[in-house]
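What follows draws every value from the coordinates through simple rules; no lab data is involved. Since the structure is predicted, the reported quantities are computational estimates derived from the model, not experimental observations. Please note: Cβ atoms are built from the backbone with ideal geometry, for glycine as well, and neighbour counts cover all protein chains shown.
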Amino acid sequence: MKILLLGMNHRTAPVEIRERFAADPLGTMLQKLVDRPEIEEGALISTCNRVEVVVTTENPDAARHSLYDFFSRDLGAGRGPGAGELAELTYLRQGRQAVEHVFRVASAIDSMVVGEPQILGQVKDAYREAVDAGACGPVLSRLFQRAFATAKRVKNETGIAQRPVSVARVAVDLAKQIFERLDDKRALLVGAGEMIEAALSALRDHGLGECRVANRTVERAEVLANRFGGTAHGLAELDVLLPESDVVLICVGGDEPILTRERVESSLEGRRGRPLFLIDIGVPRNIDPDVHEIVDAYLYDLDDLQEVAAANQQERRRESQRAEEIVYEEREQFAGWLVALQAVPTIRDLRERAETIRAGEVDRFAGRLDLDATQADTLEQLTRSIVNKLMHDPISQLRDETDREAGLVRLEEARVLFGLDERRGFTADEDPEESDA
Amino acid sequence: MYAFQYWAAALYLAAGVGGVLGMALPAPKVLRGARWGLGLGAIVQLAAFASLHRLEPAPSLTDLGYAVAMMAWLAVLFTLTLAWRIRLPGFVPPVAFVAFLTCFGATLHRPELASVADSGTTIPHAHVLLASAGLAALGVAGLAGLFFLLEHRALKRRRPVVRRLSLPSLEALDRVNRVALALGFPLLSLGVLTGVLWLDARVGEWWSGSVHETWMALAWVIYLGLVVLRLGGRQGPREAAASALAGFAFLVAVVAGAGVVS
């Protein structure tokens, strides 16, 4: 049995191509996948950054062609590029590489933003859909369970997901380094654009208390304020709002800074050293850079936040090397399990073959010896015991060796040595010596 | 006799190493374990104090090694009490290592015996306990001050260590500093007062002009100034942090210096 994976992601195909292959509805697509005769089990991972099909098969060559066909005919529904072009936009992984790829995806090592938390949930959803559609059998179930365990290990044992890498999350973490808690803090938002909204949303997700929105046009401020349960104000009210605020987010147009050093200094009077965190995401900047020199004011502009985010991204990449080691370990364990799983039919065939020979030979000689019931029973026990003893070591070897890398080779050798494949029609009436000759 | 102390020292060491690992990895579970280790160390050290107290004759309360160990023990208790309400991940390793050093250090020398315990009055006990508690609280204030300055500097240089388990927030550190100063100064004052009463009971004077008394009186006056500035709102968080750190460094120099001289 072989595991195959065919996929395209943000590195191999642009979004306008990827979106044509988005699996929708997933259940129907899974059904079409496993209805193909060469596919035994299947699962589909479809996110905004990747579309991947993972299957198990006994016939890898046929399954490979079938996967390309599934991609272009079913997933792409004829809208995507042709088969030749598809090969350049996708990647095919087989065996251990496929296992490793699934583990890397679930652990967010393969993500656009290394360590991002969403992908694990998306892989879990993909697994659930495959189970619901009846497309997931024991091998893929095990593969996904191990992928989740690997992702958990990577998260717990490395720092891959610990440092924030988006500007909004960096701002939140900085706020948490300044303030003990955010739910009793007041935020002042100057401007009502998308950047402000993203930063406010992140701060709100982390429990930011009250928010007030000040904008040139109060109507626009009201829209944002209503969405986040805040109050709307005009820019003329800034001098009243500023002294009462703990976090200031600013992004408005204009060439001159709106918040000068003097203005901020005067707003800090009477605060008894309560810190003020200012985030300037305007370009050109809306806050005089000298404000950062005020002892209790901490000013970060867009470049500063991006610099911290980039440094964190770098750190995550460093941590991903440790994560790769974990993935390698888990991959080897899974490969061992797969080999062990494949040993079961070989051991069964071996036992069946030995028993067929034994029973045949007993039948052949029992007639000549004219044995009574007790003697026949003794002969039966004697031969059974000899066969069991002879088979014990080879079977133990197969079972014990299967967790090694050479396990698959050993299984293949056993099948050849004992003629398990060629001699499926062998009967006790045939003399093995003669047929070999 | 020293079994409890060895165990307490081992627990403190484990808590310190666990705290460092918990911060560096970062691993919240390890850090939580380190906090439990610190608490367990404090309980075992209490048993060590109890076993020493039952000795005949008991070690002197004024023995410098044991007085410092008691101060560190009280600092552990104070830190754990604060950590109940405020997130203080960075506090466990330094407090645990100081507790380890003092606890282990106290076992390395032969303590003075019984000269104070046999004096038949509770004033020396009160003096040592109150002064140690005051020093412990002011030590925690100094540590909070040090962390505040480090974090403030990182934020001002725009090179913050943004990670899940970094130092406590500036606001939390400032709160710890304020609480520790508000608690530590009265305890220190009571320690000084009981010291004066003890001197009076022993030699019939309130002031003998010894090195210890002179420098301790100066330290008390300095702290009085810090408290007035801080609680009067004339000192911002950064100045308060620097003052707490400098004040505690001075206090340690006074206690250790006077101990060595005497």
Treat the range A:1-74 as a sphere of radius equal to its Kirkwood radius over Cα pairs and apply Stokes-Einstein at 37 °C in a medium of 0.692 mPa s; give the translational diffusion coefficient in µm²/s, rounded to a whole number.
267
Under Stokes-Einstein, chain A at 4 °C and 1.567 mPa s, with its Kirkwood radius over C-alpha pairs, diffuses with a coefficient in µm²/s of 48
Based on the alpha-carbon gyration tensor of chain B and its eigenvalue square roots a ≥ b ≥ c, which shape applies: rounded if a/c is under 1.5, prolate if not and a/b is larger than b/c, or oblate?
oblate
Gyration tensor over alpha-carbon atoms, the range A:167-295, equivalent ellipsoid semi-axes in Å:
19, 18, 14
Mean other chain Cβ within 10 Å across A:172-181 is 6
Taking the Cα atoms of the range B:1-120, report the difference between the largest and smallest coordinate on each principal axis, in whole Å and largest first.
49, 25, 18
Which one, B:LEU188, A:GLN31, B:ALA67, projects farthest toward the positive side of the charge dipole computed for the protein assembly as shown from Cβ point charges (K/R +1, D/E -1)?
B:LEU188
Normalised by the residues of chain B, what does the relative contact order come to in percent, with Cα pairs under 8 Å and at least six apart?
20
Listed residue (A:ALA335, B:SER169, A:VAL102) projecting farthest to the positive dipole end of the protein assembly as shown, Cβ model:
B:SER169
Most exposed first by the Cβ proxy, i.e. fewest other Cβ within 10 Å, how do A:TYR328, A:TYR91 rank?
A:TYR328, A:TYR91
Here the averaged projected area of the range B:121-262, based on the convex hull of its alpha-carbon atoms and given in nm², is 9.6
Suppose every K and R has +1 on its Cβ and every D and E has -1 on its Cβ; what is the size of the dipole of the range A:2-157 about the Cα centre, in Debye to the nearest 20?
480
With +1 assigned to the C-beta of every Lys and Arg and -1 to the C-beta of every Asp and Glu, and no other charges, what is the dipole magnitude of the protein assembly as shown about the Cα centre in debye, to the nearest 20?
2480
Near B:LEU226, within a Cβ-to-Cβ distance under 12 Å, what is the net charge of the other residues, with Lys and Arg +1 and Asp and Glu -1?
+2
Bins of 10 Å, starting at 0 and running to the largest distance - Cα pair percent for the range A:2-157
12, 45, 37, 6, 0
With respect to the cross-link table entries A:LYS155/A:LYS176; A:LYS124/A:LYS185; A:LYS2/A:LYS124, which display a Cα-Cα separation exceeding 31 Å?
A:LYS124/A:LYS185
